[in-house]
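Worksheet: the structure to be examined is printed underneath.
What follows draws every value from the coordinates through simple rules; no lab data is involved. Owing to the predicted nature of the structure, the values given are computational and were not obtained by experimental measurement. Cβ placement follows ideal geometry from the backbone for every residue including glycine, while neighbour counts extend to all protein chains displayed.
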Amino acid sequence: MTARPEALPTQEMTINMGPQHPSTHGVLRVILTTDGEVVTRAVPDVGYLHLGLEKIAERLNYSQFMPFTDRLDYLAGMNCNCAWAWAVEKLAKIEAPERAEYLRVIVSELNRISSHLISFGSFTADMGAFTPFLYGIREREKVNDLFEMLCGQRLTYNYARIGGVSGDAPPGFLEKTREFLDYFEPKIDEYNNLISYNKIFVQRLANVAVISAEEAVAYGLTGPNLRGSGVAFDLRKDEPYSVYPKFDFNVCVGSGERGQLGDCFDRYMVRINEMRESVKILRQAVDQIPEGPVMAKVPRVFKPPVGEVYFRAENPRGENGYYLVSDGSANPYRAKIRAGSFVTMNIFEKVTRGLLIADIVAVIGSFDIILPEIDR
Amino acid sequence: MEALAISLIKAVPFLGAVPVWAVALVLMVAVAAVVLAFALTFEGVGSLVLRKVAGDIQVRIGPNRVGPNGVLQFLADGVKLILKEDLTPASADRPLFKMAPYFVFVGSFAGFVVVPFGVGLIAADLNIGVYYVMAVSSLVVIGILLAGWSSNNKWALLGGMRGAAQIISYEIPVGLALIPAVMIAGSLSLQDIVRSQGGLWGIFGWNLFHNPFTFFSFFLYFTAAQAETNQTPFDLPEAESELVSGYNVEYSGIRFGYFFLAEFGDMFVVAALTTALFLGGWNIPFFHAETLPWIWGNLLSLGVFLGKAFTIVLIMMWVRWTLPRIRVDQLMRLSWKYLIPLTFFNLLGVSLWLLVFNGKGIPAMIASLFG
């Protein structure tokens with residue numbers, strides 16, 4: 001009997017997933033170490049889309065930085081606009097008129113819907129079902145039309161101003177918004193029928209990349225990623241700002257309905273349900289919006305007092321915080337931007353250990369990352 | 001082919017001087033050209049229909065620029081694929097890289113040879129037709145594996161490995177799901193199998209309705225064949241969102257075109273086999289195609305066959321644009337833990353049925369009740 005030949009030497013393979021890859025939602029680079037299809041280690045390498053936003057903020061005055069916040073999260077420009085305005089107003093202790101606050105909430109929630117639609121669409125496209133993506137785009141177009149009506153822009157809005165918003169809602173805007181809400185609400189059920197409870201889809205997502213509530217908190221996850229783990233933390237409720245306390249809405253949390261609590265499916269479902277809650281907020285806001293001016297009296301040369309402030313708002317991708325330090329001049333001395341997607345990348349390596357390559361795509365999709373937020 | 005050549009020599013006087021083999025050879029080339037022309041046309045038009053269907057399902061318009069309503073889009077695509085530079089990566093294994101698309105294309109195209117398009121319309125009525133299709137379609141594995149390996153690209157390699165594992169795993173359930181039709185007809189020739197389904201108004205003779213097991217077998221075959229030909233939801237070897245483009249990621253120009261054509265060719269072969277094996281093939285409902293005059297019988301049966309096959313193709317496209325993709329471990333589990341035992345059980349069921357009821361199907365039994 002001949003001796004058994006030496007087993008063939010095997011070694012792990014290192015694969016670069018990205019920066020150019022269809023499913024990394026931009027120029028994210030993930031260095032995968034794989035054993036066949038099993039990923040032993042996935043390290044995200046961020047920085048390919050560094051915009052230098054924080055440095056730019058120091059070189060511009062407070063209102064000049066407003067258009068740059070659009071680029072921070074280009075799928076939720078309105079939310080970033082408003083968050084910047086709220087942060088600067090908190091620093092300078094300015095109150096925007098109530099109508100402006102209502103308009104800000106309306107655009108924020110509309111933008112949350114359109115952002116979640118893209119998230120839903122690109123996530124399902126990552127899972128191999130391309131059709132729902134275009135259904136999401138169909139509704140997003142209508143939101144974009146509304147924004148175009150309001151401020152002339154469809155992607156980078158530059159709508160908020162320090163002390164208000166750039167312009168009042170044109171005649172017919174609120175009616176159009178109502179029409180959109182009536183049209184949109186049944187569509188959420190359509191998405192659920194189309195894909196959410198599809199057996200293959202659920203199998204792909206259930207029990208994948210489970211994040212426990214403790215872990216989620218420890219790693220600083222915010223937004224739908226945190227709520228997907230069952231932590232009912234929403235800045236609109238827990239640290240209310242603007243006119244949010246006036247509205248009745250629920251905080252959506254993951255329920256583990258198809259697998260363990262905190263898996264990819266829960267994070268996906270939180271976003272779907274949040275769209276419903278946004279519709280609820282929008283209906284109330286559109287009904288209650290008062291008449292009045294949309295800009296407060298703000299001096300032409302705007303110089304906030306010396307001081308520092310941290311303001312955070314609930315964006316579609318989690319907490320969007322601005323830490324502003326003012327030295328009394330027209331430019332911020334320091335503007336630190338806290339973005340949900342960047343913090344989410346911390347836990348990426350931990351949850352992806354031992355998954356398959358196809359699951360990596362699912363995890364990236366379920367985190368709903370956006371690259372300018374990661375790299376800023 | 002030889003018989004046809006001899007009859008042709010007898011019919012046309014001046015051919016008498018030409019040896020039989022030469023006439024047969026010319027005939028073979030002619031038939032091959034016709035089949036190739038059909039395959040290429042189908043693949044072109046198929047790609048257009050696929051995109052139109054996709055547009056319809058995805059609430060958009062689809063191609064509408066080239067020609068009236070975009071109907072010439074496939075020609076534009078074809079011209080583009082031919083004219084584009086055919087790149088070979090510097091670190092690729094050149095001979096293998098250049099060879100791989102032909103394996104895939106031949107594997108899919110060779111299946112067309114035994115497709116029974118009509119009463120007399122078949123390129124070669126092999127007495128091992130079903131077996132032959134199984135054999136040549138395995139050639140695709142070699143092509144995919146070669147493409148993945150020779151590209152010297154890790155994504156392509158993963159795609160090639162997935163392709164090999166998948167196609168080999170799913171050939172077993174495909175084979176097992178085909179056997180019921182073969183057993184009922186008692187022949188491996190696709191023409192014989194189609195003829196065996198001719199009884200009872202041409203619809204209830206279908207193997208689909210023969211007995212509960214064959215009914216089930218149809219769905220098993222359809223699922224497994226989808227997987228064997230890498231159609232969604234089993235398109236893992238070319239999973240765009242995971243492997244960028246899978247095994248063909250490094251290919252460009254007409255070499256990519258071959259993969260593309262092969263994909264549509266596979267689609268048609270699966271649809272044609274499904275039609276021939278379970279849906280009565282070219283049998284015209286309420287008629288016996290063989291009793292009609294040669295030209296009418298063939299034209300009608302061709303129409304019926306293509307109608308059925310294209311319906312199946314449309315269903316495949318519908319599935320493709322509806323379902324997400326399953327994961328590689330789930331794919332393997334589906335094959336080895338569910339499809340193979342099920343097809344095996346099914347085969348056992350059909351065998352017992354044929355034994356107990358002496359080869360009679362349910363419709364035939366019902367018919368005999370009423371005399």
Listed here are the pairs A:Lys176/A:Lys336; A:Lys93/A:Lys280; A:Lys237/A:Lys280; which of them are more than 26 Å apart at the Cα?
A:Lys176/A:Lys336; A:Lys93/A:Lys280
Environment charge at A:Lys350 (Cβ cut-off 13 Å; Lys +1, Arg +1, Asp -1, Glu -1)
-1
A student applying the Cα gyration tensor rule (rounded when a/c is under 1.5; otherwise prolate if a/b is larger than b/c, oblate if not) would label segment A:267-331 oblate
Placing unit charges on C-beta atoms (Lys and Arg positive, Asp and Glu negative, everything else neutral), compute the dipole magnitude of chain A about its Cα centre in debye, rounded to 20.
660
Given the pairs A:Lys142/A:Lys297; A:Lys246/A:Lys297; A:Lys142/A:Lys187, which span a C-alpha to C-alpha distance of over 22 angstrom in this model?
A:Lys142/A:Lys297; A:Lys246/A:Lys297
The answer for the net charge of residues other than B:Gln231 whose Cβ lies under 12 angstrom from its Cβ, with Lys and Arg +1 and Asp and Glu -1, is -3
Can you give the relative contact order of segment B:1-81 as a percent, counting alpha carbon pairs under 8 Å and 6+ residues apart?
19
Helix-only [θ] at 222 nm, chain A, -39500 (n - 2.57) per DSSP H run of 4+, per residue, nearest 500, equals -14500 deg cm²/dmol
Principal axis dimensions, largest first and in whole angstrom, of the protein assembly as shown by Cα:
107, 69, 54
Other residues with Cβ under 13 Å from the Cβ of A:Asn331 give, with Lys and Arg +1 and Asp and Glu -1, a net charge of +1
So which helices of chain B fit the span-like rule, where a helix is a whole DSSP H run, its Cα atoms reach 18 Å or more along the axis, and its mean Kyte-Doolittle is at least -0.5?
B:20-57, B:94-109, B:154-185, B:212-228, B:253-278, B:294-320, B:340-356
Counting only chymotrypsin sites (Phe, Trp or Tyr not before Pro) that sit in a DSSP loop (anything but H, G, I, E, B) with at most 11 other Cβ atoms within 10 Å, what is the longest stretch of chain B containing none of them?
B:1-285
Trypsin sites (Lys or Arg not before Pro) within segment A:214-313: DSSP coil, no more than 10 neighbouring Cβ in 10 Å:
A:Lys297, A:Arg300
Rounded to a whole number, what is D in µm²/s for chain A from Stokes-Einstein with the Kirkwood radius over alpha-carbon pairs (10 °C, 1.306 mPa s)?
74
Longest to shortest principal axis, alpha-carbon extents of segment B:222-305, angstrom:
53, 28, 13
Reachable aspartates and glutamates, given that their alpha-carbon falls under 16 Å from the alpha-carbon of B:Lys80 and they are not under 8 places away in the same chain
B:Glu43
Kindly express, to the nearest 10 degrees and within the range 0 to 90, the angle between helix A:357-367's C-alpha long axis and the longest C-alpha principal axis of chain A.
20
Relative contact order [Cα under 8 Å, 6+ residues apart], segment A:313-358, whole percent
30
Relative contact order for chain A, counting Cα pairs under 8 Å that sit 6 or more residues apart, in percent:
26
Calculate the radius of gyration of the Cα atoms of chain B to one decimal place, then report Dmax, the largest Cα-Cα distance, as a whole number, both in Å.
21.8, 74
Prolate/oblate/rounded call for segment A:56-112, Cα gyration tensor, a/c under 1.5 rounded:
oblate
Using unit Cβ charges (K, R positive; D, E negative) and no other charged atoms, how large, in debye to the nearest 20, is the dipole of segment B:1-81 about its Cα centre?
280
